[in-house]
Amino acid sequence: MTGMPLFCDPDLTVADTLRVSTGGVGVVFADLGSLRDHLLEVPDDDTLVLGPGVLDDEAFAVADYMRVHRPSLGVVLVRREVTTPLLQEALRSGVREVVHERDALGLGTAVQRSAHLAAAMRNQPGALNGAAVHPQAGSPLSPPQGVPGRKATVVTVFAAKGGCGKTTLATNLAVALADRGRARVCIVDLDLAFGDVAITMHLVPSNTIADAVPLNGKLDPTAVEALLTHHSSGLSAVVAPTEPSAAEQISPGLISHLLEVLRAEFDYVVIDTPPSFDDQILAALDVSDVIALVVTPDVPALKNLKIAIETLTELGYPADRLRLVLNRADAKVGITHAEVERTARMPCSAQIPSSRDVPASINRGVPIVLDDPRHGVSQAIRQFASSQLPQLASSLDRYTQVNGHTGHDAGTQRRGLMKKRRPRTS
Ligand SMILES: Nc1ncnc2c1ncn2[C@@H]1O[C@H](COP(=O)(O)OP(=O)(O)O)[C@@H](O)[C@H]1O
Ligand SMILES: [Mg+2]
């Protein structure tokens, strides 16, 4: 039996308009009490659309309850205004998607996605708790599109200091590489405790990397598909856990395994990181073709850059994988880009200007590369993507030649080394 979408709003006309706008199928309710009675009787309904008249707190409480007691029921929230704090709260409570009340098309797609996911979960009970979910047709991991032997270019954005612009670069780089759906790109948020890729990109994920923990050892493309959140620009994301404490459960082995699957399915994998070297990040660096080191023109950032380069060199990462990205390059703080290059002993591959439009775009939840493609920041990031990354896509065998299948051994040795010497990262 297939499920029906349910629509709830204190104003029944509004609930019915929502129903009609998604194709006219479903049941409408004016209050949460009668909705609950219906849910107790009918176990197969797959989507619950809460209209703009349902209060935020009530909606979050419903989502929170459903994700435990009815995980296959996707809660979609329709709001008059979609703000970052609202998205944050929605994310925490388990709301699957938030749609603006005037976005009828978006609502239709959200309802369809929810139905697909629920059908997959019915076929494979417990999918989100451990087993696999069938990918949606046309989604990046669906097997027919997979190219045998494909290996994505993996780019890790790193800095041993917070606030340099790692997330800004990673999210915009991913969008630039996706090039409106021309390339298959996945961004992975490995800032496991405090990752903000989801918020920065206005994503409302139903799963995070923490959902991969019970799948350890069984991560295949189909299972990994269930971890992905899709962005309107065409890129996919594996987002960080909502609870910082979940970070500890994510082992370096799990990260290696996840990245191995993603590498086989995408053209590019872009990894955002926390400002520290740890075994989880080393697992990502081990499979990275490019390590973009972000630095801002200030003394603490330069000091940390020097330590980061020394540590990476000591750990055996080849210098030709490193790229220096000077963010806020024009900030008038007395350190020139020549001084940065002298300290790093390598040229800057990109210079991103400083602009108030960057935090403004983050607050809007739209990467500046999409929001204002002609902006100096967008141009610098696109230029970095096109000058430093495309040639790698065709010469990825280089990676295999350098590391062979013994890449894991090299990684294990590095981790051994890290136990001996943990760099200062503040
Ligand atoms: N080029 C830039 N111009 C102005 N502000 C920037 C720029 N790059 C980053 N920022 C701001 O700096 C802050 C930190 O950036 P973020 O990307 O989150 O850093 P990280 O991920 O390294 O901690 C954010 O508020 C962001 O808006
Ligand atoms: Mg960050």
> On the given criteria, is Val325 in contact with a strand residue (DSSP E or B) (Cβ under 7 Å, 6 or more places away or on another chain), open to solvent by less than 10 Å² (accessible area, probe 1.4 Å) and within 26 Å of His202 (Cβ to Cβ)?
Replying inline: yes
> So which residues in the stretch 184-221 are more than 16 Å from Thr273 (Cβ to Cβ) and part of a helix (DSSP H, G or I)?
Replying inline: Ile199, Ala210, Asp211, Ala212, Val213, Pro214, Leu215, Pro221
> With respect to Leu235, is the statement that it is under 24 Å from Val99 (Cα atoms), aliphatic (A, V, I, L, M) and at pLDDT below 95 true?
Replying inline: yes
> Within the stretch 176-191, which residues are open to solvent by 10 Å² or more (accessible area, probe 1.4 Å) and within 15 Å of ligand 1 (Cβ to nearest atom)?
Replying inline: Ala176, Asp191
> Between residues in the stretch 194-205 that are acidic (Asp, Glu) and residues that are within 9 Å of ligand 1 (Cβ to nearest atom), which pairs lie under 7 Å by C-beta distance while being six or more apart or on different chains?
Replying inline: Asp196/Thr167
> When you go through (1) in a loop (DSSP other than H, G, I, E, B); (2) within 15 Å of Ile187 (Cβ to Cβ); (3) of a type outside the set (Asp, Glu); (4) within 16 Å of ligand 1 (Cβ to nearest atom) one by one for Pro275, which number turns out not to apply?
Replying inline: (2)
> Which of the residues spanning the stretch 262-278 are open to solvent by 10 Å² or more (accessible area, probe 1.4 Å) and either over 18 Å from Leu293 (Cα atoms) or not assigned by TED's automatic domain parsing to the domain that holds Asp179 (or both)?
Replying inline: Arg263, Ala264, Glu265, Asp267
> Which of the residues belonging to the stretch 248-260 are within 21 Å of Asp220 (Cα to Cα) and surrounded by fewer than 22 Cβ atoms within 10 Å (Cβ to Cβ)?
Replying inline: Gln249, Ser251, Pro252, Gly253, Leu254, Ser256, His257, Glu260
> If a residue has to be β-branched (Val, Ile, Thr) and near ligand 1 (Cβ under 10 Å from one of its atoms) to count, how many in the stretch 369-384 make the cut?
Replying inline: 2
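Output the residue which, of all residues in the stretch 212-242 that are open to solvent by 30 Å² or more (accessible area, probe 1.4 Å) and under 29 Å from Leu370 (Cα atoms), is farthest from ligand 2 (Cβ to nearest atom). Working first, answer last.
In the first step, residues of the stretch 212-242 are kept if they are open to solvent by 30 Å² or more (accessible area, probe 1.4 Å); the result is 213-214, 216-218, 220-222, 230, 232, 234, 242.
Within this subset, residues satisfying the condition of being under 29 Å from Leu370 (Cα atoms) are 221, 230, 232, 234, 242.
Values: Pro221: 28, His230: 21, Ser232: 21, Gly234: 22, Thr242: 16 Å.
Per the criteria, the residue is Pro221.
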> Taking Asp320, is it within 16 Å of ligand 2 (Cβ to nearest atom) and not hydrophobic (A, V, I, L, M, F, W, C)?
Replying inline: no
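Across the stretch 334-354, what is the number of residues that are within 13 Å of ligand 1 (Cβ to nearest atom) and open to solvent by 30 Å² or more (accessible area, probe 1.4 Å)? Even if it seems obvious, please write down each step before you answer.
Applying the first criterion (within 13 Å of ligand 1 (Cβ to nearest atom)) to the stretch 334-354 yields 350-354.
Among the residues that remain, those that are also open to solvent by 30 Å² or more (accessible area, probe 1.4 Å) are: 351, 353-354.
Number of matching residues: 3.
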>> Against the definition (more than 18 Å from Gly162 (Cα to Cα), assigned by TED's automatic domain parsing to the domain that holds Thr171 and of a type in the set (Gly, Ala, Ser)), how does Ala319 come out, yes or no?
In response: yes
> Scanning for something surrounded by fewer than 19 Cβ atoms within 10 Å (Cβ to Cβ), part of a loop (DSSP other than H, G, I, E, B) and of a type in the set (Asp, Glu), does the stretch 286-304 turn up at least one residue?
Replying inline: yes
> In the stretch 355-366, what residues are farther than 15 Å from Thr296 by Cβ, within 11 Å of ligand 1 (Cβ to nearest atom) and either open to solvent by 60 Å² or more (accessible area, probe 1.4 Å) or within 19 Å of the chain's Cα centre (by Cα) (or both)?
Replying inline: Arg356, Asp357, Ser361, Ile362, Asn363
> All but one of (1) modelled with pLDDT of 75 or more; (2) surrounded by 15 or more Cβ atoms within 10 Å (Cβ to Cβ); (3) in contact with a Ser or Thr (Cβ under 7 Å, 6 or more places away or on another chain); (4) not β-branched (Val, Ile, Thr) hold for Leu77; which doesn't?
Replying inline: (3)
> Picking from Ala247, Ala264, which residue would you name as being away from ligand 2 (no atom under 16 Å from the Cβ), closer than 30 Å to Ala110 by Cβ and not hydroxyl-bearing (Ser, Thr, Tyr)?
Replying inline: Ala264
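The values are calculated or read from the model by the stated rules, or taken from the named source; none is laboratory data. Values in this document were obtained by computation on a predicted structure and should not be read as measured data. When we count neighbours, we look across all protein chains shown, and the Cβ atoms used for this are built from the backbone with ideal geometry, even at glycine. Heavy atoms of the whole protein, side chains included, go into the accessibility calculation; ligands, DNA and RNA do not. Shrake-Rupley method; radii C 1.70, N 1.55, O 1.52, S 1.80 Å.
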